[in-house]
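Asks: One structure, pasted below without further comment.
The values are calculated or read from the model by the stated rules, or taken from the named source; none is laboratory data. This structure is a prediction, so every number in the text was calculated from the model and none was measured. Neighbour counts run over all protein chains shown; Cβ positions are idealised from the backbone, glycine included. Calculation scope for accessible area: heavy atoms of the full protein, side chains included, ligands and nucleic acids excluded. Shrake-Rupley method; radii C 1.70, N 1.55, O 1.52, S 1.80 Å.
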Amino acid sequence: MNQSRIKKIFTGLTFLLACIWIILLFADPSHQLHVFFLKLDNFFADFYNTLIYIADKNPYYNELNGTCNKNYLPFSYMILYPFTLLTNYSSISLEDCWNSQIAVLSCFFFTLLSLFLLFHSLYLLCIKYKCSPIILFIIFFSSINLYALERGNEIMISAACINYFVYVKDQNEKKWYGIICLAIASVLKIFPAIFSLYYLYKKEYKTFFQYAILAFLLAFLPFLFFENGFENIGQLYENVKEQTTIYGMSFSVYRFGIIPLFLQLGKTLNIENQFILYETGKYLTYILGLLSTGLFFTTKSSLIRFGLAAMICVLVPQQAFVYNGIYIFPLLIMLLSANSKLSSIETCLTLFLFIWILLPVQLNKFTPKINNISMILMWVLFISIAIRQYLLNKKNNLNSSSKER
């Protein structure tokens, strides 16, 4: 079967699955709502809780829900601060936000802006890679996007910035657009900084230095906007350590990564020593992350190169949730382009895993586990393809050297 037919089957099947989820949502909402965090019982909490935390301009010492949840760089808090001027968030609860017209309108505006940036950036990538815009419908109704949409998390803006970076990274005249977008994505969610390896891969050291300076300024100058200024740096460090300890041992089905998968399996099998599973998952993640970083510089495939970097963003963070998968959307667009340059078998395997990663239909309440396992398998697949390419190139180079002699 040729690649064109494989891609058409994938597009048709995933489009059908999205439509089925919409139908099932009305037929059996109690079951299909599992695609959202706690079935919407914690509606838009990432957005509302953040506004409550920053309303007094002292988020890092705010003890509501524990200081562990105040673990972002100040830039991400600063850009949301204007919303706190619309009503007194410091004196209301999450439940109050759900009943406040101003709060709901604020959330609606933020969500609309986030969606626009994300899908405008994806649309530009569709143009760049000559991919049918119908894929945007499939992406919108994917389990990953639906989860991210309900959370009201800034990861949608971070992902949009990465998409804009990918769109302009090969256009020298728009170099600074790419630098700015990558810097913003990096200070919003940290791990997207891995995409700066593109500058090192292309030996654009000056551009990498410019990006590093801008990211540094965006990371640290906003501390001065909040109470305690640079003294917040130490508290932020403590908050991050605390959250890593708490979330690192979490086996929630909404977590993404090898660690939560191992912990979930341990719970299912009634294994008492969860710490061993945690440590095993952690070091396996580190090994795959370092291997992916090294292979980033050896692979000749731009698709695999992006895939390796995206998988680090999705699966390496110990606080990763379902919405981390949002970074792989450009990968799907690249894969469905006419010039993906993968073999038919590689394309078929990758698209097969994408079906399960994007699957919105809740087969049972543990469907997020299926999404996560498929994502991990895709990471392993990309590493395998990159290793095979490296060994093949090395063999060809040795043969060429032998012939020259």
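Asks: Given the criterion modelled with pLDDT of 95 or more, touching a strand residue (DSSP E or B) at 6+ places or on another chain (Cβ under 9 Å) and closer than 22 Å to K189 by Cα, identify the matching residue among Y81, Y147. Spell out the reasoning first.
Replies: Details: Y81 fails: touching a strand residue (DSSP E or B) at 6+ places or on another chain (Cβ under 9 Å).
Result of the check over Y81, Y147: Y147.
Asks: Tell me whether the range 24-33 contains one or more residues that are in a helix (DSSP H, G or I), on the phi < 0 side of the Ramachandran plot and either basic (K, R) or open to solvent by less than 20 Å² (accessible area, probe 1.4 Å) (or both).
Replies: To start, the set of residues in the range 24-33 that are in a helix (DSSP H, G or I) comprises 24-27, 29-33.
Right, trim to on the phi < 0 side of the Ramachandran plot and you get 24-27, 29-33.
Subsequent filtering for residues that are either basic (K, R) or open to solvent by less than 20 Å² (accessible area, probe 1.4 Å) (or both) retains 32.
So far as the range 24-33 goes, yes, one or more of its residues are in a helix (DSSP H, G or I), on the phi < 0 side of the Ramachandran plot and either basic (K, R) or open to solvent by less than 20 Å² (accessible area, probe 1.4 Å) (or both).
Asks: Can you list the helices (runs of 4 or more DSSP H) lying wholly within the range 34-102 that have 3 or more residues being touching a residue at least 60 places away in the same chain (Cβ under 8 Å) and buried (at least 19 other Cβ atoms within 10 Å of the Cβ)?
Replies: 45-54, 74-78
Asks: Let me ask something additional. Could you please find all residues in the range 50-74 being under 21 Å from the mean Cα position of the chain (by Cα) and either among the aromatic types (F, W, Y) or at pLDDT 95 or above (or both)? Break it down stepwise before answering.
Replies: Kept after step one, since they are under 21 Å from the mean Cα position of the chain (by Cα), are these residues of the range 50-74: 50, 68-74.
Across the range 50-74, the qualifying residues are T50, Y72, L73, P74.
Asks: If Q362 satisfies every condition in (1) open to solvent by less than 30 Å² (accessible area, probe 1.4 Å); (2) in a helix (DSSP H, G or I) but one, which is the exception?
Replies: (2)
Asks: For the range 61-86, how many residues are closer than 19 Å to C107 by Cα and of a type in the set (V, I, T)?
Replies: The qualifying residues number 2.
Asks: Right, another one. Hey, does the range 338-345 have a residue that's surrounded by fewer than 23 Cβ atoms within 10 Å (Cβ to Cβ) and assigned to a helix (DSSP H, G or I)?
Replies: First pass over the range 338-345, keeping only residues surrounded by fewer than 23 Cβ atoms within 10 Å (Cβ to Cβ): 338-345.
Now drop any that are not assigned to a helix (DSSP H, G or I), which leaves 344-345.
Looking through the range 338-345, at least one residue is surrounded by fewer than 23 Cβ atoms within 10 Å (Cβ to Cβ) and assigned to a helix (DSSP H, G or I).
Asks: With the checklist (1) part of a loop (DSSP other than H, G, I, E, B); (2) out of contact with any Lys or Arg (no Cβ under 7 Å at 6 or more places or on another chain); (3) over 12 Å from Q318 (Cβ atoms) in hand, flag the one item L236 doesn't pass.
Replies: (1)
Asks: Then there is this: Do you know which residues across the range 157-186 are closer than 17 Å to D46 by Cα and surrounded by fewer than 24 Cβ atoms within 10 Å (Cβ to Cβ)? It would help to see each step written out before you state the result.
Replies: First, the residues of the range 157-186 that are closer than 17 Å to D46 by Cα: 157-159.
Scanning the range 157-186 gives a single hit, I157.
Asks: A follow-up question, please. So for the range 199-221 (the condition being among the acidic types (D, E), buried (at least 16 other Cβ atoms within 10 Å of the Cβ) and more than 22 Å from the chain's Cα centre (by Cα)), does at least one residue qualify?
Replies: So the first thing to find is which residues in the range 199-221 are among the acidic types (D, E), and the list is 204.
Next cut, buried (at least 16 other Cβ atoms within 10 Å of the Cβ) only: 204.
So of that shortlist, the ones also more than 22 Å from the chain's Cα centre (by Cα) come out as 204.
Yes, there is a match, as at least one residue in the range 199-221 is among the acidic types (D, E), buried (at least 16 other Cβ atoms within 10 Å of the Cβ) and more than 22 Å from the chain's Cα centre (by Cα).
Asks: Of these, G289, G234, which one is surrounded by fewer than 14 Cβ atoms within 10 Å (Cβ to Cβ) and modelled with pLDDT of 90 or more? Give the steps one after another, and end with the answer.
Replies: Values: G289 fails: surrounded by fewer than 14 Cβ atoms within 10 Å (Cβ to Cβ).
After applying the criteria, what remains is G234.
Asks: Another question, then. Quick one: is C131 open to solvent by less than 20 Å² (accessible area, probe 1.4 Å), at negative phi and not in a helix (DSSP H, G or I)?
Replies: Details: open to solvent by less than 20 Å² (accessible area, probe 1.4 Å): yes; at negative phi: yes; not in a helix (DSSP H, G or I): yes.
Yes: the conditions hold for C131.
Asks: Hey, any hits in the range 104-114 for a residue that's of a type in the set (A, V, I, L, M, F, W, C), within 30 Å of I333 (Cα to Cα), free of Cβ contacts under 8 Å to residues at least 24 places away in the same chain and buried (at least 18 other Cβ atoms within 10 Å of the Cβ)?
Replies: For the range 104-114, residues of a type in the set (A, V, I, L, M, F, W, C), within 30 Å of I333 (Cα to Cα), free of Cβ contacts under 8 Å to residues at least 24 places away in the same chain and buried (at least 18 other Cβ atoms within 10 Å of the Cβ): absent.
Asks: Report whether or not Y147 is farther than 19 Å from M375 by Cβ, part of a helix (DSSP H, G or I) and among the hydroxyl-bearing types (S, T, Y).
Replies: Details: farther than 19 Å from M375 by Cβ: no; part of a helix (DSSP H, G or I): yes; among the hydroxyl-bearing types (S, T, Y): yes.
So Y147 fails the test.
Asks: Another question, then. List the pairs whose first member sits in the range 267-283 and is under 16 Å from S250 (Cβ atoms), whose second member is among the basic types (K, R), and whose Cβ atoms are under 9 Å apart, counting only residues at least 6 apart or on separate chains?
Replies: Listed pairs, sorted by first residue: Q274/K267.
Asks: For the range 3-27, enumerate the residues that are touching a residue at least 12 places away in the same chain (Cβ under 8 Å), over 15 Å from I135 (Cα atoms) and of a type in the set (A, V, I, L, M).
Replies: Selection gives I20, I22, L24.
Asks: Another question, if that's okay. Exactly one condition in (1) touching a residue at least 12 places away in the same chain (Cβ under 8 Å); (2) within 20 Å of the chain's Cα centre (by Cα); (3) more than 18 Å from C68 (Cα to Cα) is not met by I287; state its number.
Replies: Checking I287 against (1) touching a residue at least 12 places away in the same chain (Cβ under 8 Å); (2) within 20 Å of the chain's Cα centre (by Cα); (3) more than 18 Å from C68 (Cα to Cα), the one that fails is (1).
Asks: Shifting gears a bit: Right, K395: part of a helix (DSSP H, G or I), basic (K, R) and free of Cβ contacts under 8 Å to residues at least 60 places away in the same chain or not?
Replies: So K395 fits the description; yes.
Asks: Considering each of G248, G266, G257 in turn, give the residue that is open to solvent by less than 50 Å² (accessible area, probe 1.4 Å), of a type outside the set (D, E) and over 22 Å from the mean Cα position of the chain (by Cα).
Replies: G266
Asks: Out of everything in the range 353-405 that is of a type in the set (F, W, Y) and more than 30 Å from L38 (Cβ to Cβ), what residue ends up being modelled with the highest pLDDT?
Replies: Going through the range 353-405, the residues of a type in the set (F, W, Y) turn out to be 354, 356, 366, 379, 382, 390.
Now drop any that are not more than 30 Å from L38 (Cβ to Cβ), which leaves 382, 390.
Working: F382: 97, Y390: 91.
Ranking the candidates gives F382 first.
Asks: Residue under question is L353, and the condition is that it be open to solvent by 10 Å² or more (accessible area, probe 1.4 Å), part of a helix (DSSP H, G or I) and in contact with a helix residue (DSSP H, G or I) (Cβ under 6 Å, 6 or more places away or on another chain); does it hold?
Replies: Yes; evaluated as a whole, the condition is true for this residue.
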